[in-house]
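Notes follow once the structure below has been shown.
What follows is calculated from the coordinates using simple rules that are stated; it is not laboratory data. What you see is a predicted model, and the numbers here were worked out from it, not measured in a lab. Cβ sites come from the backbone with ideal geometry, for glycine too, and all protein chains shown count toward neighbours.
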Amino acid sequence: MLNKSTEKPIVLIVCNFYLPGYKSGGGLRTIVHMVERFKEKYDFRLIARDHDGDNVPYNSVKINDWNDVDGTKVFYLSKDKVKLSKLRELIFEVNPQIIYTNSVFSTLTIFLLTLRRLKFINKIPIILAPEGELSDGALQLKAGKKKAFNAFAKTAGLYRDIIWKVTAEPEKFETERFKGSGGEIHIAPNMPSKSIFEDYRQELKPLKTVGRAKMIFLSRYMRKKNFKWLLENLQGIEGHLEIDIIGPLEDEKYWAETQKVIKHLPPNIEVNYRGHILHEEVPATLFEYNFFVLPTLGENFGHVFVEALAVGCPLLISDRTPWTNLESRQIGWDVPLEESAKWVEKINYCISLDNITYTKLSANARSFAADWLADPEIEESTLRVLQIGLKMAQPS
């Protein structure tokens with residue numbers, strides 16, 4: 001049992017995916033970075049599924065057993081072990097002061113909240129990070145099931161006394177609207193890497209030619225990312241536009257719909273799918289492009305936005321993320337989805353830029369990201385949330 005006077009507090013993280021996974025997006029990266037930054041202060045233990053979102057079990061870890069992953073203990077659950085009884089057993093084994101989970105709708109989170117509500121585990125403080133699941137765009141997907149579950153959760157009191165960790169004011173509003181009464185909400189930006197692409201050299205960025213623009217869409221390919229909408233609204237593009245798609249194809253039906261649109265694009269618009277890459281390859285890959293584009297229906301944070309800015313890629317994104325006022329900062333554009341003509345206008349502007357003007361934008365992007373990553377408040381805000389959970393865990 002933990003000696004609370006001399007040992008680090010134990011934080012149990014319950015999540016769908018963890019290392020060696022890399023396909024499941026920003027939620028995984030937040031946890032990886034949080035563990036990296038705070039493992040000297042907290043004893044993190046993790047319970048995750050045994051695959052990377054593709055239902056193919058890892059072959060480099062022990063399944064249904066504890067593993068040492070970069071100095072952190074991780075238990076990988078096979079599908080048949082995702083049960084209330086197994087989760088309860090592991091929680092008793094770990095005996096944590098705090099439990100952190102990063103999904104509202106995952107089976108593991110639902111089991112966790114149910115165990116706590118039924119008093120099958122001790123009343124351990126739970127920090128729940130919705131990770132964008134409560135945005136309008138996300139709730140529209142499988143809306144019936146999510147609405148029914150939320151009604152049940154409120155009636156059953158699953159959200160009672162929960163600590164909600166959100167990334168910004170918009171997600172705080174979404175969470176307040178969703179959860180109803182009970183619990184408390186705290187804002188803390190998702191945890192990025194301490195530094196990105198330290199070898200950055202502005203003069204090595206690809207030359208920007210007037211009349212051409214090379215953009216990258218790097219994300220999980222799914223309906224929420226809204227890329228097909230962009231292609232359907234590219235009438236009036238002047239010059240040559242090249243967009244490469246990089247990321248796992250999570251929604252094959254949506255990708256098939258997109259391919260039909262691609263086939264009817266004019267010859268001056270070139271769209272290619274380049275597969276998916278390891279996370280370690282992301283910065284160097286982004287560096288090779290002029291701009292990053294993502295017309296998302298909603299993001300609570302967006303690690304890839306920071307990664308793109310950090311390698312000198314100005315952003316062209318929707319206004320449904322915390323990253324706003326980009327144009328006034330001269331690091332990109334956040335454009336409403338209701339204004340498709342404005343998207344075309346901004347793309348044409350990107351195409352028209354000469355290398356001198358583009359280099360200023362690119363350098364601004366890098367400088368902004370470097371300053372943002374160096375802000376001590378990023379760490380301190382998450383530490384405050386963990387401390388709130390730890391204080392709740394202390395006997396009164």
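Details
- When the C-alpha to C-alpha distance is required to be over 21 Å, the pairs from LYS142/LYS224; LYS62/LYS83; LYS208/LYS263; LYS83/LYS123; LYS260/LYS342; LYS23/LYS253 that qualify are LYS208/LYS263; LYS260/LYS342.
- For the chain, size of Cβ-based charge dipole, Lys and Arg +1, Asp and Glu -1, in debye: 1580 debye
- Reducing region 1-63 and region 183-261 to their Cα centroids gives an inter-centroid distance of 27 Å.
- Loop trypsin sites (Lys or Arg not before Pro), region 259-297 (other Cβ atoms within 10 Å of the site Cβ: 15 or fewer; DSSP): ARG274
- Angle in degrees between helix 355-373 and the longest Cα principal axis of the chain, rounded to the nearest 10: 10 degrees
- Spacing of the two label points (7 Å from each Cα toward its C-beta) at PHE173 and LYS154, in nm: 1.9 nm
- Contact order normalised by residue count of the chain, Cα under 8 Å, 6+ apart, percent: 15 percent
- Highest GNM mean-square fluctuation among GLU307, GLU169, GLU89, for the chain modelled with Cα contacts below 10 Å: GLU89.
- Folded to 0 to 90 degrees: helix 26-38 orientation relative to the chain principal axis, Cα: 60 degrees
- The helix-based estimate of mean residue ellipticity at 222 nm for the chain, built from -39,500 (n - 2.57) per DSSP H run of four or more residues and divided by its residue count, is -11500 deg cm²/dmol to the nearest 500.
- Beta bridge orientation in region 10-191: antiparallel %, DSSP, nearest 5: 15 percent
- Candidates LYS39, LYS73, LYS119, ranked by Gaussian network fluctuation over the chain, Cα under 10 Å, top entry: LYS119
- Going from the fewest other Cβ atoms within 10 Å to the most, the residues VAL210, VAL32 appear in the order VAL210, VAL32.
- Segment ASP54-GLN259, extension gain: residue separation times 0.36 nm, minus the distance between their alpha carbons: 71.6 nm
- The angle between the Cα long axis of helix 143-156 and the longest principal axis of the Cα atoms of the chain comes to about 30 degrees, rounded to the nearest 10.
- GLN387-GLU203 FRET efficiency (beta carbon distance; Förster radius 41 Å; 0.05 resolution): 0.40
- Among SER352, SER328, the ranking by other beta carbons within 10 Å of each residue's beta carbon, starting with the fewest, stands as SER328, SER352.
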